[in-house]
Every structure is written in C-alpha cells, then in structure tokens.
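Right, one structure below, let's go through it.
Just so you know, all these numbers are worked out from the coordinates, no wet-lab data involved. None of these values were measured; they are calculated from a predicted model. Here Cβ is always computed from backbone atoms with ideal geometry, including for glycine, and neighbour counts include all displayed protein chains.
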Amino acid sequence: MRVQRGDIVLIDFPYSNHTGSKVRPALVVQSDVWNQRLDDTILALITSSPQRRTGASTQYLIDISTVEGRRTNLRFDSIVQCENLVTQDQRLILHRIGSFSDSAMQQIDACLKASLGIP
C-alpha cells in the first residue's frame with residue numbers, strides 16, 4: 001500500500017525489545033517523494049497510554065473531540081511520539097485510518113526537529 005505523509009495507518013508495530021509486536025496506529029512522517037521512490041516509509045508511533053505522555057516537545061497531543069482529532073479516526077485521545085520512529089516496508093501497513101492537516105503536520109515537524117536535535 002502506498003502512503004502519503006500525514007496518513008495515519010495501522011501497522012504491526014514491533015516492541016523495542018523484540019519480544020513481540022502489537023497492531024497500533026502510526027503516523028507517516030516521510031516525504032511523499034521518498035514514499036513513492038522507496039518501498040519503506042518512516043513512521044512515528046501513536047499511543048493512547050497515559051504513562052507515555054511526558055509533555056515533551058517531541059510529542060503531539062491528539063484530542064479526538066476537536067476537528068483535527070476527528071480527522072484521525074482514533075478512538076482515544078493519544079499522542080504522536082516523534083521520539084519513537086520506525087522504518088517499515090509499506091507493504092506491511094494494514095490500512096489507512098485517517099490523516100492530519102497541513103497545519104498539524106507543521107506542528108509535527110517541530111516535534112520531529114526537537115526529537116532529532118535539528119534547530
């Protein structure tokens with residue numbers, strides 16, 4: 001499945017300790033140019049776990065009661081963890097469930113910069 005930057009997708013996301021995986025939402029953060037040229041894409045994990053919410057500048061809050069939040073089609077308030085990135089083959093993406101607007105992606109860009117130490 002070919003994806004676009006800003007798509008929210010479901011993937012079988014691996015645990016960092018390689019003990020298993022879980023189907024969960026993720027945000028496509030890779031540019032559309034590379035999404036078309038490469039089989040892989042870069043994703044940021046999305047979680048609804050309150051324990052993962054640190055309020056860090058690397059995290060973007062999704063409030064599902066807002067217009068932007070409803071675009072995501074997520075069931076719970078969540079955060080995009082721009083400090084938790086993975087590269088995954090696009091063929092392993094189960095399906096697209098929603099998307100972010102351009103203005104939300106600009107805020108995500110600021111979170112990615114904070115995560116990667118880019119001024």
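Rounded to 0.05, the FRET efficiency of the Asp32 and Arg53 pair, given R0 = 30 Å and the Cβ-Cβ distance, is 0.55. For the chain, the C-alpha radius of gyration sits at 0.98 times the compact-globule guess of 2.2 N^0.38 Å, with N the residue count. Computed 3J(HN,Hα) for segment 4-10, one whole-Hz value per residue from the Karplus formula 6.51 cos²θ - 1.76 cosθ + 1.60 where θ = phi - 60°, is 10, 4, x, 5, 9, 10, 9, glycine and proline marked x.
For segment 7-116, relative contact order (Cα pairs under 8 Å, six or more residues apart, normalised by length) works out to 32 percent. Distance from the Cα centroid of segment 65-86 to that of segment 1-27 is 13 Å (rounded to whole angstrom).
For the pair Ile118 and Asn17, the difference between a 0.36 nm per residue extended length and the Cα-Cα distance amounts to 33.7 nm.
Across the alpha-carbon atoms of segment 42-83, the computed radius of gyration and Dmax are 9.9, 27 angstrom.
Using Cα pairs closer than 8 Å and at least 6 residues apart in sequence, work out the relative contact order for segment 36-78, in percent. Don't skip to the answer; put the middle values down first.
Values: 24 pairs, mean separation 15.8, N = 43.
It rounds to 37 percent for segment 36-78.
Taking a Cβ cut-off of under 11 Å around Leu92, the surrounding Lys, Arg, Asp and Glu residues balance to a net charge of -3, with basic ones at +1 and acidic ones at -1. Taking label points 7 Å from Cα along the Cα-to-Cβ direction, Val86 and Leu10 give a separation of 1.5 nm. 3J(HN,Hα) along segment 81-87, derived from phi through the Karplus expression 6.51 cos²θ - 1.76 cosθ + 1.60 where θ = phi - 60°, amounts to 9, 6, 8, 10, 10, 9, 9 Hz, with x in place of Gly and Pro. Each residue of segment 109-119 is assigned a 3J(HN,Hα), and the resulting list reads 4, 5, 5, 5, 4, 5, 5, 9, x, 9, x Hz, derived from the Karplus form 6.51 cos²θ - 1.76 cosθ + 1.60 (θ = phi - 60°), x at Gly and Pro.
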